[in-house]
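Chemist: Sharing a structure here in structure tokens format.
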């Protein structure tokens with residue numbers, strides 16, 4: 001086996017590339033005979049073709065307010081982000097009854113416009129949104145990635161924060177996806193607008209009426225099992241309670257389905273969390289209680305979108321997960337590692353890809369007591385191959 005860092009050998013790693021300085025962008029384009037607008041950011045030193053990330057705001061918000069959630073802060077040199085403007089204040093993406101706007105077509109026109117002005121990878125387009133923007137994201141993926149879609153683009157992965165999916169769409173007749181689409185979702189159990197247990201209300205600027213949303217965990221399970229082909233039961237991991245929020249304290253559990261081919265499906269269940277984007281400077285996220293600050297949604301989404309197959313030498317071997325055991329997990333201090341064969345190297349990375357520990361002659365235990373609480377990635381190399389495992393440090 002080549003004497004390379006474990007980090008470079010893994011087939012699929014959910015880590016951010018090196019963060020970069022960026023510059024703000026803005027623009028407009030034509031769709032349905034109307035002028036639509038967007039804000040965004042590109043890295044100062046882009047590595048084309050770039051990943052395109054499109055993030056949709058909630059009802060009553062603007063592209064500028066969506067940018068206040070600081071996804072820009074986690075751009076690598078291989079990624080640009082765009083925040084589309086809604087048609088008008090209190091407009092709902094994809095739900096303007098009687099409107100001349102077709103937001104499904106708007107997204108297609110936006111991608112075409114961006115592709116004409118920047119060097120992007122059309123096979124690496126990721127989308128996401130908050131609230132109504134999140135619900136629209138579900139609908140977009142079902143539309144664009146359908147087996148019968150005539151759209152010129154497909155989405156590689158998507159993120160939904162406090163967004164609901166209609167119960168009537170939770171089937172392969174309404175959402176018949178051609179291939180796996182990784183999903184990362186965030187939802188508060190005390191969300192007063194998009195109820196965690198399903199059913200909700202919708203306000204169109206004049207009237208309020210009920211819609212029938214599916215329970216959040218049912219939606220995530222549908223994507224995990226029906227769309228992404230996950231067979232195993234999900235793991236449920238309580239995350240460290242790093243911040244006691246002053247208004248409404250909340251905690252986070254990570255519900256994760258480990259699927260093949262990097263098509264993971266994750267739900268960050270925010271116990272006592274409200275209708276907000278975790279750790280955000282946006283005004284709407286700080287008006288009410290239940291704004292969780294234990295996790296940074298923008299960072300986790302950026303890392304999730306990095307999960308793509310990498311080129312690996314034919315001499316490199318990705319180990320069977322059952323051949324390596326690490327415990328306890330979550331860990332406070334001493335982490336034990338058991339492998340089939342000889343343990344050659346251990347490396348630990350932060351969620352942003354920074355190496356925080358490297359040991360070329362490890363024993364069966366390593367001390368992590370000096371590391372801050374949080375999520376890390378443990379790389380293990382044996383005489384038979386390499387593997388990466390996620391660990392929680394309390």
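Chemist: What does the convex hull of the Cα atoms of the stretch 134-242 come to per residue, in Å³, rounded to a whole number? It would help to have the intermediate numbers written out before the result.
Modeler: Values: hull volume 14.5 nm³, N = 109.
Per residue, the Cα convex hull of the stretch 134-242 comes to 133 Å³.
Chemist: Next question. Stretch residue 28-residue 320 to full length: gain in nm at 0.36 nm per residue minus the Cα-Cα span?
Modeler: Separation in residues times 0.36 nm, less the Cα-Cα distance, equals 100.2 nm.
Chemist: Shifting gears a bit: Between residue 287 and residue 272, what is 0.36 nm times their sequence separation minus the Cα-Cα distance? Round to one decimal in nm.
Modeler: Residue separation times 0.36 nm, minus the Cα-Cα distance, leaves 3.8 nm.
Chemist: At q = 0.16 Å⁻¹, what log₁₀ I(q)/I(0) does a Debye calculation on the Cα points of the stretch 23-163 give, no solvent, two decimals?
Modeler: -0.79
Chemist: Which order do the peptides 155-167, 120-132 take when ranked by the mean count of other beta-carbon atoms within 10 Å per residue, highest first?
Modeler: Result, highest mean first: 155-167, 120-132.
Chemist: So how far apart, in nm, are the two label points at residue 210 and residue 35 if each is 7 Å from Cα heading toward Cβ?
Modeler: About 4.4 nm separates the two model spin labels.
Chemist: Averaged over all directions, how much area does the convex hull of the C-alpha atoms of the stretch 321-393 cover when projected, in nm²?
Modeler: 4.3
Chemist: Right, another one. Please compute the length gained on full extension between residue 197 and residue 73, using 0.36 nm multiplied by the number of residues separating them and subtracting their Cα-Cα distance.
Modeler: 41.4 nm
Chemist: Over what distance in Å are the Cα centres of the stretch 132-166 and the stretch 223-249 separated?
Modeler: 21
Every number here is computed from the coordinates shown, using simple stated rules; none is lab data. Please read these numbers as outputs of a predicted model, since none were measured by experiment. For neighbour counting, all protein chains shown are included, and Cβ atoms are generated from backbone atoms with ideal geometry for every residue, glycine included.
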